[in-house]
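First up is the structure itself, then whatever we jot down about it.
The values are calculated or read from the model by the stated rules, or taken from the named source; none is laboratory data. From a predicted model like this one, the values you see are computed outputs, not experimental measurements. Reconstructed Cβ throughout: ideal geometry from the backbone, glycine too, with neighbour counts over all protein chains shown. Heads up: the accessible areas ignore ligands, DNA and RNA and are worked out on the full protein's heavy atoms, side chains in. Shrake-Rupley method; radii C 1.70, N 1.55, O 1.52, S 1.80 Å.
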Amino acid sequence: MFKKLTNGCVHLVNRYLPDPFIFCIILSVVVFIGAIPATKTGPIQVLNAWGNGVWGLLAFSMQMALVLVLGSAFANAPAIKGLVAKIASIAKTPKQGIIVVTFFSLIACWLNWGFGLVVGAILAKEIARQLKGVDYRLLIASAYSGFVIWHAGFSGSIPLALATPDPVGAPGALAAATGGAVTEAISTSQTIFAPWNLAMVAIIIVCLPFINAKMHPHGDEVITVDPELLREADVEYPAPTTPAEKMENSVVMSAIISIAGVVFLVYYFTTNGFNITLNIVNFLFLILGIIFHKTPIGYVRAITDSTKGAAGIILQFPFYAGIMGMMTFTPEGGTSLAGAISEFFVSISNSVTFPVFCFLSAGIVNLFVPSGGGQWAVQGPIMMPAGLKLGVQPNVTGMGIAWGDAWTNMIQPFWALPALGIAGLSARDIMGYCLITLFFVSIVVCGGFIIVGLI
C-alpha cells in the first residue's frame, strides 16, 4: 500500500509539475485572478499592486541570499567536505544511505536552512558516489526533506523576527508587524526552544529517515548515477609569488578578521543572551567560513562558487514579491486576498484549533509567498491579534505560521533550486517523494498544536 502511494505521487509529479519558473508564472496568474473578486477592484489596480510589489523585498532578499551563500561556502570548506565523506561511509546499504542523508539533513537544516540545503545535497552526492544501488532521486529528495523543519530551528525568520527588538529610530516596528499584538521581543526560549516545538522536531527527526527509507524502489525501478560523474575535479592554483598574491593567501589576514568576529560574537551573546537574529546567523557563518577556508582568496573562491546556487532565487524572488504584492493589496475599506484566506480560518477557529488553522492557512499562503519574511508580512498583522482575542499566546501563533511556511515547501520547488543545482536534477525528479513527507509532517504538527491548545 505504501509503495503504491509513493509510486502514485512520483508519477503525478513527473507528469504535471513544470519548471519552477513556470510554476511561479502560473501562481502569478492564479493570484491575479483571485485578487480581483477578493479585493473587489479592477484588473489594473491588481496589476499595479503586482508591479509595485516586485521590488518590495530587496533587503530581505539580500538576507536570504546571504543565508544560502554563506551557509553553502561553509559547507564547501575542505574540512567540512572531509567530514561529509566520513559521514557518508557510515551507510552500507541503500536504505541506510537514505536514513543517513535524511537524518543529517534534518539536523543541518534545523541549525541553518542554507547550510542544511547545501550540505544535505553534498552528502547525498557523496553517498551516491560511494554506495552502489541507491536511488539517486530519493537521495536528493531525502536531502531536501530536511528543509521541512527549518522554520522551527535556529534560522527560522519568524521566531527570529519575534526575538528582534525594535531597531533604533524605528519604535513600534514589532507592533506594526504583528497588528499590535506584540510590543516587546519574544525570546527564542518560547518559540524555537519551547518544549512543545522541540518535541515536534524530535518526532520528525526520529521518524522521517525511516519513512524515506521505506520509499526506496526495488529492482529495475531504481535509478542510479555513474559515480565518476559525481567526482569534482581538484583545481590547483599556482604558488603565490607577488606581494598581492601573498596577502591573498595569508592565513594572518584571515586570522585578523576571524578574531575580531569571534570577539564580537562572544560580546553579543554575553550582553544579549542566547538571542539569535537573522543577522547574527549570517555573521556566525561568515566568520566560520573565513576560519575554515583559512585564506582570504580561498574564501573568495568559495563565495564565488556558492553564488551559483542562488541563480534561481535571484530570478524568481522578485516575481514572488510581486505575487505577495497582489496577495496583500488592500483597497481602502476592503480586504486583501491573503487577508480573506486568513480571516476565513480565523472565523472557523477556537482557542484549541486556532494554532492548527494558523499552520494550515500558512501552508496555503506559502504556495504563493514562499518566503518566511513574506509570510510574516502577510499573516502576522492578521493572525497575531486574532490569536490574542481567542486566548492563544503570540509565541504559539507565530510558530503556527512558521511551521506552515516550512511545511508546503515540500510541494513548492522554489527553495529546492540550490539542492537541485548541486545534484543536476529537476524538481519533478524529487517532489513525488516529498509529497509523502508533506503528509507525515502534517499529522505530527497538527497533532502537536492540538495538544498545545488543550494544555
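Translational diffusion coefficient of the range 31-82 at 20 °C, 1.002 mPa s, Stokes-Einstein with Kirkwood Rh over Cα pairs, in µm²/s as a whole number.
Numbers: Rh = 14.1 Å.
It comes out at roughly 152 µm²/s.
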Practice prompt. State in Å² the accessible area per residue of the chain; use a 1.4 Å probe, count heavy atoms of protein chains only, and round to the nearest integer.
Written response: 43 Å²
Worksheet entry | Of the GluC sites (Glu not before Pro) in the range 181-229, those whose Cβ has at most 11 other Cβ within 10 Å and which sit in DSSP loop | GLU184
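Take every Cα pair under 8 Å in the chain that's 6+ residues apart, average their separations, divide by the length, and report that relative contact order as a whole percent. Intermediate values should be presented prior to the final figure.
Details: 751 pairs, mean separation 123.3, N = 455.
The value is 27 percent.
Leaving ligands and nucleic acids out of the surface, order GLU245, GLU343 by accessible area at 1.4 Å, largest first. Show your work: numbers first, answer last.
On the way: GLU245 70, GLU343 95 Å².
Descending accessible area places them as GLU343, GLU245.
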Discussion item. Quick one: the Cα spread of the range 243-369 along its three principal axes, in angstroms, biggest first?
Written reply: 67, 37, 26
Practice prompt. Find the relative contact order for the range 349-410 and round it to a whole percent, using C-alpha pairs within less than 8 Å whose residues are 6+ positions apart.
Written response: 54 percent
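Suppose accessible area is computed on protein heavy atoms with a 1.4 Å probe; arrange TRP403, TRP110 from highest to lowest. Provide the component values of the computation, followed by the final result.
Numbers: TRP403 5, TRP110 45 Å².
Largest accessible area first, the list is TRP110, TRP403.
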Worksheet item: So what is Rg over Rh here for the chain, counting just Cα atoms and using Kirkwood for Rh?
Response: 0.97
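Scale the Cα Rg of the range 1-149 by the rule-of-thumb value 2.2 N^0.38 Å and send over the ratio, two decimals. Let's see the in-between values first.
Working: Rg = 20.1 Å, N = 149, 2.2 N^0.38 = 14.7 Å.
The range 1-149 yields a ratio of 1.36.
Ignoring trypsin sites (Lys or Arg not before Pro) that are buried or in helix or strand per DSSP, and keeping those with at most 16 other beta carbon atoms within 10 Å, what is the longest stretch of the chain between them? Walk me through the numbers before you get to the answer.
Values: sites that count: LYS40, LYS92, LYS132, ARG231.
For trypsin sites (Lys or Arg not before Pro) (loop position, at most 16 other Cβ atoms within 10 Å), the longest site-free span of the chain is 232-455.
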Practice prompt. Take the Cα radius of gyration of the range 306-455 and divide it by 2.2 N^0.38 Å, with N its residue count; two decimals is plenty.
Written response: 1.11
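Tell me the carbon and sulfur percent of the accessible area for the chain, rounded to whole percent, probe radius 1.4 Å. Let's see the in-between values first.
On the way: 13580 of 19550 Å².
Answer for the chain: carbon and sulfur cover 69 percent of the accessible area.
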Worksheet item: Okay, helix-only estimate at 222 nm for the chain: each DSSP H run of n ≥ 4 adds -39500 (n - 2.57), divide by all residues, round to 500 deg cm²/dmol; what do you get?
Response: -23000 deg cm²/dmol
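Using a Förster distance of 56 angstrom, determine the FRET efficiency expected from the C-beta separation of ASN48 and ILE259, and round it to 0.05.
On the way: r = 51 Å, r/R0 = 0.91.
With R0 = 56 Å, the Cβ-Cβ based efficiency is 0.65.
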